[in-house]
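For reference, the structure is listed below as structure tokens.
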Amino acid sequence: MTAERIIKKYPNRRLYDTELSRYITLADVRALVMQGTAFRVLDTANDADLTRSILLQIMLEEETGGEPLFSANMLAQIIRFYGGTMQGMFAHYLEQSLDAFARQQQHLADDLGTKPLELIGRMTERNLELWANAQKEFLRAAGFGHHDPETEHKGE
């Protein structure tokens, strides 16, 4: 068994799971995502990596299904970052923020049985620290360094 599961996408738009040796649906791919299974989707015509495209299809189905995760305003804001000078930094910021949120959710699941009020207090403090650090990193990367008024005026 390989470390990364390979799914092949055929010209007829069908997906073939090479590990199970059978065709699968987008719902099956979604299940792999939910299980945390590492996979790549490859186009059989040219071996192009279609993983992002398939994941976006799954997100679109999820968004049109029940309660959407993204508001129209949020999507418009994200679209505005495409092609701009901040695109790479925004992607990095968003990925780090989601990773931090996922880690926090895992800690919550692990600690849920112990002292819930204390846990909520610690989580709130940690969440504020994470967001403050992410914001500082984002501003630093954008060229807006932290200015300390104490050190700026010492030469006057």
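The values are calculated or read from the model by the stated rules, or taken from the named source; none is laboratory data. What you see is a predicted model; the values in this text were computed from it and never measured. Using ideal geometry, Cβ is built from the backbone for each residue, glycine included, and neighbour counts are taken over all protein chains shown. These area figures cover heavy atoms from the full protein model, side chains too; ligands, DNA and RNA do not enter into them. Shrake-Rupley method; radii C 1.70, N 1.55, O 1.52, S 1.80 Å.
Observations, loosely collected:
- Accessible surface comparison of 30, 126, probe 1.4 Å, protein chains only, largest first: the order is 126, 30.
- Counted by Cβ distance under 14 Å from residue 75, the other residues give a net charge of -1, where Lys and Arg count +1 and Asp and Glu count -1.
- Listed peptides 4-11, 32-39, 98-105 by packing density, highest first (mean Cβ within 10 Å): 4-11, 98-105, 32-39
- Computed per residue of the chain from DSSP H runs no shorter than four, each worth -39500 (n - 2.57), the mean residue ellipticity at 222 nm is -19000 deg cm²/dmol.
- Length added when fully stretched, residue 19-residue 35, from 0.36 nm per residue minus Cα-Cα: 4.2 nm
- Packing rank of 71-80, 40-49, where each peptide gets the mean count of other beta carbons within 10 Å, highest leading: 40-49, 71-80
- Accessible surface of residue 58 - all protein chains present, 1.4 Å probe, nearest 10 Å²: 20 Å²
- Whole-Hz Karplus values for segment 131-137 come out as 5, 5, 5, 5, 5, 4, 5 Hz, taken residue by residue from phi with 6.51 cos²θ - 1.76 cosθ + 1.60 and θ = phi - 60°; glycine and proline positions read x.
- Answer label for percent of Cα pairs over 25 Å apart (calculated), chosen among (1) 23; (2) 30; (3) 55: (3)
- Bridges between two residues of the chain, per DSSP, are antiparallel at a rate of about 60%.
- Given charges at beta-carbon only (K, R positive; D, E negative), |dipole| of the chain in Debye: 580 debye
- Backbone amide hydrogens, once placed in the peptide plane, bring residue 42 within less than 5 Å of 7, 8, 9, 50, excluding anything fewer than 5 places away on its chain.
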